[in-house]
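Before any comments, here is the structure.
Laboratory data are not the source of any read-out in this text; all were calculated from the coordinates shown. The structure presented is a predicted model; accordingly, all values stated were derived computationally and were not measured. Using ideal geometry, Cβ is built from the backbone for each residue, glycine included, and neighbour counts are taken over all protein chains shown.
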Amino acid sequence: MSTGRALWRRLPPWAVDTGLVALAALDAWINLLGEGTPVMWACAAAGSASLLLRRRFPLAVFLLTLPMALFMDVALAPIAALYTLAASTRDRPLLAGCALLNATAATLLWPLSDAFDGDRTWTLVQFVYTLATAFAPVLFGQLVQARHDVARQLVEVEEAREHERALYTQTVLARERAQLAREMHDVVSHQVSLIAVQAGALQVAAKDPDAREAARTIRTLSANTLDELRHMVTLLRASGGKATELTPQPTLADLQQLIANSGIETTLTGQLPADISTTAQRTIYRTVQEALTNVRKHAPGARADVRLWHDAHHFGVTVTNTAPTRPTVALPSARHGLIGLKERAELLDGTLTAEPTPEGGYRIGLRAPAQPD
């Protein structure tokens, strides 16, 4: 079965569509043989040939196959068109209406005056049976669409996990490098400094020229080693990633670059006082950064609005995003990002709010008191 499925997937779309057209035409020819009128043959030709365009215009192709179901006892062309429509749209009422149309067209007889002359109970039974048959391709098309959504979401989840693993690895390396830098600075550098000091004292106190020269050499080597150690400490601290002790902390001037690099359609409005403290600027920046990260993870395809504001007594920022335009998967989260933002807000004697919006989006707001002059 897996071999057949792989072979089916390797077929180009035009080959599949051409095969469907041929089968639909054969189905219509068998039903019209010996009793078809020119109108019936024209409807059969139009409905069968339209399957070539079913991927681009699924609704129009389905409507073109309805006369075939009305004039003759065919099943392939309407079912193929209905399946394609179900696999390409999420409009459930539209799909239900199309299934009803297909069942009605397949149940009625042409001319319509003869449709109600027979046993109406049998006509009703036939309609229910045909309706169930019409819903089968609809359900299968929706199932295929859901499978594609799940596959895409699994890819997004795997990419998110890879990104988180990379971030965790960087964090661990940064922590180890920072610890090593502290050890080198606090222990090794201190010991080398003592050696240099003792060598300098020996150079001054020694009376033997050879001893003085040896002490001078030791002092020089110790000073050079101390410079090398300080340089190594600087490199270790700077190579721990973006968030290191030596990296300049972000300010409000970096907001535009943050938004530009976020990959989200974002608008920035408003402004904050020019004399806002550096701590407050970092808090505003981290709030916007965390909010845009959450939008990228949990609301794919959404737009965001960043609004800076202030009045006589307070200042803050509000980040609001629209509802996602693509399906999302509920990912496990410990909400450490929001907890960290709340702690930053409390350091400013402010508050942080995070809540969904009535339109299906999300809003994060920071409000802090202005510092007295």
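Counting neighbouring beta carbons within 10 Å and listing from fewest to most, the residues Tyr168, Tyr362, Tyr129 come out as Tyr168, Tyr129, Tyr362.
This ranking places His163, His298 by how few other beta-carbon atoms lie within 10 Å of each, fewest first, which gives His163, His298.
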